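The values are calculated or read from the model by the stated rules, or taken from the named source; none is laboratory data. Since we're looking at a predicted model, the values are computed, not measured. Cβ placement follows ideal geometry from the backbone for every residue including glycine, while neighbour counts extend to all protein chains displayed. To get the accessible areas, we keep the full protein, side chains included, count just its heavy atoms, and leave off ligands, DNA and RNA. Shrake-Rupley method; radii C 1.70, N 1.55, O 1.52, S 1.80 Å.
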Amino acid sequence: MLIIPKDATVGDNIFLRVRTDIIFGQLRPGERLRLERLKERYGAGISTLREILSRLASEGFVVAEGQRGFQVAPVSFEDLQEIADLRTLLECHAMRLSFAAGDMDWEGQVVAAHYKLKQMENRIIAGDHSFLEAWKQYDWGFHQALIKACNSEQLLQVHGIVFDKYLRYQMLALNFRGEVAAREHQMLLDAALERDAAKAQTILRAHINGGVEYSRGAVELQQKISASQDDAG
């Protein structure tokens, strides 16, 4: 998830709000982003909003339609698979670097991030689904902790954008694969503490691919909804 620093401008904060609303589905795939409506919703001027939407278009969360304005990027299973493959490539590389360079402080951060994630997973497995959105925040925190010691700000930045695109798809289904995902997270923690990057990479590939398949139905449904809206419009 994108983190805005404390000294961020008003425009940066509005950018984060719009971006977060896209990721978490408050602004739906394919939705037209009408500037007057956004002005009321976010309390920003038209020029600021144009700049924000152009910035989001450069990251792939928004599509510019020339004279027609902007819309939230549509979704497709093919796009999800491509994003998942890219996330796998980046995260596997970052884990290898991080496992090699991480110190005791890094290990402590990984353990702490996993502890928070596990508490959320246990609550959801027990039947309390009110924590699903918070769980995704802790899921991001754990995966971020695993690669934090890679010593490459560029890699972390690019991975963050790709992870958020993957997260947007997961939020369509607001899904949690239950004990399977929780077990994979535990295995990733164990591999990190053992500094076994090859083992962690194998687990991560299965983890991401499992999430892709679990999200397939929701993505296909959203495609149908978007298509029907286009036909009606």
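For the chain, with a Gaussian network of springs between Cα atoms less than 10 Å apart, report the residue from 24, 131, 61 with the top mean-square fluctuation. Among 24, 131, 61, the largest mean-square fluctuation in the Gaussian network model of the chain belongs to 131.
Classify the range 46-97: rounded, prolate or oblate, from the alpha-carbon gyration tensor (a ≥ b ≥ c, eigenvalue square roots; a/c under 1.5 rounded; otherwise prolate if a/b is larger than b/c)? Verdict is oblate for the range 46-97. Counting only Cβ charges, +1 for Lys and Arg and -1 for Asp and Glu, the dipole size of the chain around its Cα centre is about 440 debye. A helix-only calculation puts the chain at -25000 deg cm²/dmol for mean residue ellipticity at 222 nm, using -39500 (n - 2.57) for each DSSP H run of at least four residues, averaged over all residues.
Near residue 70, the amide H atoms lying under 5 Å from its own belong to 33, 65; only residues 5 or more places off or on other chains count, and H is placed 1.01 Å from N.
The heavy atoms of residue 92 offer some 10 square angstrom of accessible surface to a 1.4 angstrom probe. Looking at the range 137-203, the trypsin sites (Lys or Arg not before Pro) that sit in a DSSP loop and have at most 13 other Cβ atoms within 10 Å of their own Cβ are 195. Listed by chain and number, the lysines placed with their C-alpha closer than 29 angstrom to that of residue 116 are 6, 136, 148, 165, 199; residues fewer than eight positions away on the same chain are left out. Amide H to amide H distances under 5 Å link residue 62 with 57, 73, where only residues 5 or more positions off or on other chains count and H is placed in the peptide plane.
When both the range 21-82 and the range 101-180 are represented by their alpha-carbon centers, they are found 25 Å apart.
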